[in-house]
Amino acid sequence: MDRRDLASRLRWWHSHNGRTAEMVAYGEEDEDGEPIFYPIPVVMVVCPTCDGRGTYVNPNIDRHGLSREDFDEDPDFAESYRNREYDVRCDHCMGSNVIPWPTEEEHIKMVEEHIGMIMEWEAEAEAERRMGA
Ligand SMILES: [Zn+2]
């Protein structure tokens, strides 16, 4: 699994203003069936997906890794790659280089559980795809 493919789903917040973020609450709805968002205090931290660059190489280019031969056989490609011409906006921080992260222990736990759940779902979905389901 490539973490770039998960980038958009790792956005655990619904919206944020740099000091508070509204957490997406899975499975909880109000009486009208609208999803509930919890505002929690946050600080901004360097985006772990793009390491604060705001961009990354399009995963379709090097998701499965590139070898020396890939570059040797195609010097034009190698040059474009080095010049970061295949970069796309980071889908985790939306190109802003930083993401909100909770400050309170209990919220950190909530967010980590949320992310863990998404990773688990994705791992399962990928295993099923491999088995041809
Ligand atoms: Zn990012």
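The values are calculated or read from the model by the stated rules, or taken from the named source; none is laboratory data. Keep in mind that this is a model prediction, so the values were computed, not measured. Methodologically, a virtual Cβ is constructed for each residue, glycine included, from the backbone with ideal geometry; neighbour enumeration extends over all protein chains shown.
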Item checked: Within the stretch 23-57, tally of residues that are without any contact (Cβ under 8 Å) to a residue 60 or more places away in the chain, aliphatic (A, V, I, L, M) and within 16 Å of the ligand (Cβ to nearest atom) -> 4
Next item on the list: Could you grab me the full set of residues in the stretch 58-92 that are touching a residue at least 40 places away in the same chain (Cβ under 8 Å) and either within 16 Å of the ligand (Cβ to nearest atom) or over 16 Å from ASP5 (Cβ atoms) (or both)?
Entry: PRO59, CYS90, ASP91, HIS92
Next item on the list: Quickly run through the stretch 62-111 and pick out the residues that are among the acidic types (Asp, Glu) and outside any loop (DSSP other than H, G, I, E, B).
Entry: ASP62, GLU69, ASP70, ASP72, GLU73, ASP76, GLU79, ASP87, GLU105, GLU106
Check: Would a scan of the stretch 59-70 turn up a residue that is among the hydrophobic types (A, V, I, L, M, F, W, C) and over 23 Å from GLU22 (Cβ atoms)?
Finding: yes
Check: Of TRP121, TRP101, which residue is among the aromatic types (Phe, Trp, Tyr), more than 16 Å from the ligand (Cβ to nearest atom) and either assigned by TED's automatic domain parsing to the domain that holds HIS14 or within 30 Å of PRO41 (Cα to Cα) (or both)?
Finding: TRP121
Note to self: Going through GLU122, GLU73, GLU85 one at a time, which residue ends up being in contact with a helix residue (DSSP H, G or I) (Cβ under 9 Å, 6 or more places away or on another chain) and more than 28 Å from TRP13 (Cβ to Cβ)?
What the structure shows: GLU85
Next item on the list: Go through (1) surrounded by 11 or more Cβ atoms within 10 Å (Cβ to Cβ); (2) assigned by TED's automatic domain parsing to the domain that holds SER8 and name the single condition TYR81 misses.
Entry: (2)
